[in-house]
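Chemist: Got a structure for you, questions after.
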Amino acid sequence: MNGVYDDRLAGRKAKASRYGVAFLCATLLSVLFLAMLVFSIVDQSFGYVLLTYEVPPASIARDGVGVDAMDAPALVATLREGLTRRRFAALDEAEPLASRKPEALRAIIASEILKEEPAKTWTLSQSVFARSDIFAFRDREFPEGVLRFRAWLNPKLLSNPQSASALDSGLRGAAIGSLATILLTLLIAFPIGVAAAVWLEEYAADNALNRFIRLNIYNLAGVPSIIYGMLGLAVFVRALEPLTSGAIFRAAQGEAASGRTILSASLTLALLVLPVIIINAQEALRAVPGTLRQAGLALGATKWQTIWAHVLPASADRILTGTVLAISRALGETAPLVVVGASTFLTLDPVSPFSRFTTLPIQIYQWTSRPQGEFKNLAAAAILALLALLMTLNATAIILRNRFSARRRAGT
Amino acid sequence: MRTRLGPPAPSPARGSAQHGGLERRARPGEAAIKAFLLSCAAFSIFTTAGIVFILGKESLNFFSQVSLVDFLTGAAWQPAIGHFGILPLASATFVTSLIAMAVALPFGLMVAVYLSEYAPWGLQQFLKPTLEILAGIPTVVYGYFALTTVTPALRGIIGAGRLEVYNMLSAGLVMGVLILPLIASMCEDALSAVPRSLREAAYAMGATKLEVTAQVVVPAAFSGLAAAFILGLSRAVGETMIVALAAGSGPNLTLNPLKSAETMTGHIVRISGGDISYNSIDYSSLFAIAGTLFLLTMGLNILSRAIVGRRREVYE
Amino acid sequence: MSKDSAAAWPHDRNRPTFTPAPGGGLELAPSALDVRNLTIAYADGHVGVRDLSLELRRNSVTAIIGPSGCGKSTALRAFNRMNELIPGTTTSGKVLFHGIDIYDPAVDAVQVRKRIGMVFQKPNPFPKSIYENIAWGARLNGWTGDMDELVESSLKQAALWDEVKDKLKRSAYALSGGQQQRLCIARALALTPEILLMDEPTSALDPLSTAKIEALLDGLKAKYTIIIVTHNMQQAGRVSDMTAFLLTGDLVEYAPTRQLFVTPRDERTERYISGRFG
């Protein structure tokens, strides 16, 4: 037999390292994308705002002192002069003006007397690197305008309710709505999800019914979230309206009873996250060694006693971690809640499960779809708030997990 | 997300005895708990049944007024004048998903290969959480990014005259990045599932890393990779917020990614977000779209699982 | 892993097949592998092999024995640089192959592995056809001869040809475990390595398949140098010419097999072969 090996190894190795570099580049590109996304959002959350006024701020200066330098009594006096008597009385009745902070008083003056409007906004990078262009633009287009550097992400964003003006609008209602919805979702989905997982992992025999349940859960996990929204709309909002609007409890809020409530949203999200919670909990239970179960049973415990006293505690960290991850997914869900009927404009805080609602992602969606540029900045700031909340949740999951595993190592 | 079915946990046989204090005892508490657990598990069946029933019922209502043929072949979706052809919506879903897959498929696979075969351990520990973060960002944030950053950047490159403010290209690209971590992690699972002995066999024969990866590991993991791609496609078809924000709001029958068009999901969100009367054909038309979407994604998911199931038979 | 593939053995290219002795007027190295002060540590700090020195004889079968966890597989995998596929493994000392240290930075691991083949504990054929299992490595390494011929002669050397000649296109997974392992041997032989490393090649097989593979080894040593790791002392006694006994990473005794088994010099060796520990 004739033949030789000519392995051309140099070329093959060169090719291997070329591809290695390509694989690395692809990976770095996705990391870069994440960096770009974060950068672009931070970039839009800060920057110059060009403010224009119907009434020049200088015209309401008192004894040469501008609004920015006035103390509280002077601000109240300015309001008394600038507003109609009825408006002034209404504001005073809502919360005595004399006891309000100067900041709050200035905000009222800006929106109600001066009629402050943002004409244009710039991003952080523009504000830093093209500062002179921004000022030149102001001098050219709006000589009367005032340029202010604004952090769109500020304490007012979290404490203010929604408003028609981007400058005053806040996330208060949306944040409360998000937290309330998520809490209720958790209360509904967690027990059902863990119970279902316990059934499937500990009790279920390998028969057609259980196989079908399993298959069904996996399929549900792949159903697009918007379909759950349609289900929620048809079932919770419409068919179960008397329940979800609170009508049967005589708890309906405000004007017309409607099924578009926090309860409907939570039920919808609960259906959405259930498969994820079940699958995660199943994996957690599967990780518990069989010897633990046998040990419990051998001591004369019933099956449920064994599960409750040994199997569930042993898998609690994984179950909780999986649940927190599922919940953080629900927290970011937008489409199903739009379909279920989140309110587009809501100035009142939700007070019960039967309140109309909006959530952080919905607020972001609505602000992003507005044509005015300043609402995009507002949306960016809201995104930062949402991401901070999500990170807190995930960090909690990690801490929980560590604490559980530490306890297990120490005690058992 | 790992989706694995396993055999039920082994339950040690319970000793059964007849006499001497060992009689079988009724335990109503245990039975009640068992019944509760089963009903919770069976709850998922009601969810599915609910979805099928609701979509079916409203779709039937819709199809009593619009013929299935018109629905499937009509080139215009204009509820105001009674045109209910799904093609414009379906074409937008098709174009955006195609662009998304064109991004997510090669990049996802490359990232997976890098993570599973090339990356040193330390870098792996950094990259995997990064991808998880990328996967955990809400889709509305991606939508925002597509609209406010990617579209202006693309308009700078392609030309503001050629690329519309709302366009399928930008939405599709960002959707690709959204799906990338999903595909990458599923592909990585598939690649890692290839036994190490197979890699060692190849290395021991004087293969380079690329040859081991491309000629041994990837073919061995092929069905897992295919399943990942199909699941990714299903996710793209059902993705909503990115297209709702960045692709445009108005059905438009075009395959040109530079144009604006509304996908099936985008349409449902826009119409249901507004005030819609419950007994109109507009309302039931949304369910007909959702039904189509449901069948499409369900079909893809089942296909994906069938492929994975076949892979399991290869080893062991 | 070295990026530089320039340094290799001068006679490597165009080496005629099935003639393991180096040609080109090169001086014949006295031993197939000359291991000097080899120490291998894993990422967790565990030392697998400590200061191992031994010369492995050409055209003979050398067995490495010892209780499980003694580092015998680690040592074997160091002879063709497979250990470096496990992240964090560090190796010091030298393994001389034709007078060149295979751990020299200028030496390429891929070259080493092509010249020093390996058969693993569990049969690990590729999920390809029987034919492709052999042809793949040959094609990779640029085999210029007739592929069918190579497949046939390799399978014949591994005593598998008669059993599979009619089903070469079938999946290798359809073979029995013993057949799969012989296919893996054939696959390694097709690359005409000078040394064949075998890591407990029969531990996953039934006695009948084991006997077939043991019978094979005797014939192979005319052409190849074989180093076999085994936890089965009887097997070492049956197949090997030389035996090395390792205990917790240390080489205790290295001697001709008969001598090691009949008149061990070290007390620990005696205790081990008489079955008092391990």
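Please treat every number below as a calculation from the coordinates, not as lab data. Keep in mind that what you see is a predicted model, and the values were worked out from it rather than measured. A quick note on method: Cβ atoms are made from the backbone with ideal geometry, for glycine too, and the neighbour counts reach across all protein chains shown.
Chemist: Loop-only check: which trypsin sites (Lys or Arg not before Pro) in segment A:1-105 are DSSP coil with at most 14 other Cβ within 10 angstrom?
Modeler: Hits after loop and neighbour filter: A:R8.
Chemist: Please give me, ordered by residue number, the trypsin sites (Lys or Arg not before Pro) of segment A:219-320 that lie in loop per DSSP and have at most 11 other Cβ atoms within 10 Å.
Modeler: Those satisfying the criteria are A:R250.
Chemist: May I pose another question? Could you give each residue of segment B:293-308 its phi-based ³J(HN,Hα) in whole Hz, using Karplus coefficients 6.51, -1.76, 1.60 with θ = phi - 60°, and x for Gly or Pro?
Modeler: In residue order, the calculated couplings are 4, 4, 4, 4, 5, 4, x, 5, 4, 5, 4, 4, 5, 4, 5, 4 Hz.
Chemist: Another question, then. Quick one: give the max-minus-min coordinate of the C-alpha atoms of chain A along each principal axis, largest first, in Å.
Modeler: Sorted from largest, the Cα extents of chain A read 97, 79, 46 Å.
Chemist: Restricting to chain C, compute how many DSSP beta bridges are antiparallel as a %, nearest 5.
Modeler: Around 55 percent of the beta bridges assigned by DSSP in chain C are antiparallel ones.
Chemist: What is the pair-distance distribution P(r) of chain B, computed from all Cα-Cα distances in 10 Å bins starting at 0, with each bin given as a whole percent?
Modeler: Over chain B, the share of Cα pairs per 10 Å bin runs 5, 20, 24, 22, 15, 8, 4, 1, 0, 0 percent.
Chemist: Quick check of the Kirkwood formula: for chain C, what is the inverse mean of 1/r over all pairs of different Cα atoms, in Å?
Modeler: 19.3 Å
Chemist: May I pose another question? Quick one: pull the percentage of alpha-carbon pairs in segment B:196-264 with a separation above 15 Å.
Modeler: For segment B:196-264, the fraction of Cα-Cα distances above 15 Å is 67 percent.
Chemist: Based on the Kirkwood radius over alpha-carbon pairs, what value in µm²/s does the Stokes-Einstein equation return for the translational diffusion coefficient of segment A:198-333 at 37 °C and 0.692 mPa s?
Modeler: 190 µm²/s
Chemist: Return the distance in nm (one decimal) between the two label points of a simple spin-label model at C:D148 and B:A42, each offset 7 Å from Cα along Cα→Cβ.
Modeler: 6.5 nm
Chemist: Calculated FRET efficiency, A:T392 and A:A69, Cβ-Cβ r, R0 41 Å, to nearest 0.05?
Modeler: Here the calculated transfer efficiency is 0.60.
Chemist: Which one of A:V288, A:I213, A:L320 is farthest out on the positive end of the charge dipole of segment A:172-410, using unit charges on Cβ (Lys, Arg +1; Asp, Glu -1) and the Cα centre as origin?
Modeler: The residue sitting farthest along the positive end of the dipole is A:V288.
Chemist: What is the pair-distance distribution P(r) of segment B:243-316, computed from all Cα-Cα distances in 10 Å bins starting at 0, with each bin given as a whole percent?
Modeler: All Cα pairs considered, the percentages come to 17, 32, 27, 14, 9, 2.
Chemist: Tell me, which longest segment in chain A has none of the GluC sites (Glu not before Pro) that fall in DSSP loops with at most 13 further Cβ atoms within 10 Å?
Modeler: With GluC sites (Glu not before Pro) excluded where exposed in loops, chain A gives A:256-412 as its longest stretch.
Chemist: Related question: Once every DSSP H run of n ≥ 4 in chain B is given -39500 (n - 2.57) and the sum is divided by its residues, what mean residue ellipticity at 222 nm do you get, rounded to the nearest 500 deg cm²/dmol?
Modeler: -21000 deg cm²/dmol
Chemist: Calculate, in whole percent, how much of the Cα-Cα pair population of segment C:25-157 lies beyond 18 Å.
Modeler: So the pairs more than 18 Å apart make up 63 percent of the total in segment C:25-157.
Chemist: Sticking with this one: At C:Q259 and A:K101, where each label point lies 7 Å from the Cα along Cα→Cβ, what is the point-to-point distance in nanometres?
Modeler: 9.2 nm
Chemist: I've got another one for you. Restricted to Cα positions, what overall size does the protein assembly as shown have along the principal axes? Three whole-Å values, descending.
Modeler: Here the spans come out as 116, 88, 63 Å, largest first.
Chemist: To continue, here is another question. With angles folded into 0 to 90 degrees, how steeply does helix A:9-45 sit against the dominant principal axis of chain A? Use alpha carbons for both and round to 10.
Modeler: With both axes taken from Cα atoms, the answer is about 40 degrees.
Chemist: Enter the mean projected area of the convex hull around the alpha-carbon atoms of segment A:172-410, in nm², rounded to one decimal.
Modeler: It is 15.5 nm².
Chemist: Please give the length that would be gained between A:F142 and A:C25 if that part of the chain were fully extended, namely 0.36 nm times their separation in residues minus their C-alpha to C-alpha distance (nm, one decimal).
Modeler: Difference between extended and current length: 37.5 nm.
Chemist: Picking from C:A138, C:V151, C:S31, whose Cα lies most toward the positive end of the charge dipole for chain C (charges on Cβ: Lys, Arg +1; Asp, Glu -1)?
Modeler: Farthest towards the positive pole: C:V151.
Chemist: How many partner chain Cβ atoms sit within 10 Å of a residue's Cβ in peptide B:264-273, on average, as a whole number?
Modeler: 5
Chemist: Then there is this: Take peptide A:193-203, look around each residue's Cβ out to 10 angstrom, count Cβ atoms belonging to other protein chains, and average those counts.
Modeler: Per residue, the average neighbour count from other chains is 6.
Chemist: For segment A:1-62, what is Rg from Cα atoms divided by 2.2 N^0.38 Å, rounded to two decimals?
Modeler: With N residues counted in segment A:1-62, Rg over 2.2 N^0.38 Å equals 2.86.
Chemist: So if I take the alpha carbon set of segment A:160-237, get Rg, then get Rh from the Kirkwood formula, what is the Rg over Rh ratio?
Modeler: 1.19
Chemist: Follow-up question, since we're still on this one. Convert each backbone phi in segment B:274-286 into a coupling constant with the Karplus relation 6.51 cos²θ - 1.76 cosθ + 1.60 (shift: θ = phi - 60°), then list the ³J(HN,Hα) values in order as whole Hz, x for Gly and Pro.
Modeler: x, 7, 10, 7, 5, 9, 9, 6, 4, 5, 6, 5, 4
Chemist: Quick one: angle between helix A:312-332 and the longest Cα principal axis of chain A, in degrees between 0 and 90, rounded to 10, please.
Modeler: 40 degrees
Chemist: I would also like to ask the following. With 22 Å as the cut-off, how large is the P(r) tail for segment A:47-150, expressed as percent of Cα-Cα pairs?
Modeler: 40 percent
Chemist: When all C-alpha to C-alpha distances in segment B:112-184 are sorted into bins of 5 Å, what percent of pairs does each bin hold, rounded to whole numbers?
Modeler: Once binned at 5 Å, the Cα pair distances of segment B:112-184 give 3, 15, 21, 16, 14, 13, 10, 5, 2, 0.
Chemist: Separate question: Segment C:200-278: which trypsin sites (Lys or Arg not before Pro) are DSSP loop and have at most 11 other beta-carbon atoms within 10 angstrom?
Modeler: Qualifying residues, ordered by number: C:R265, C:R276.
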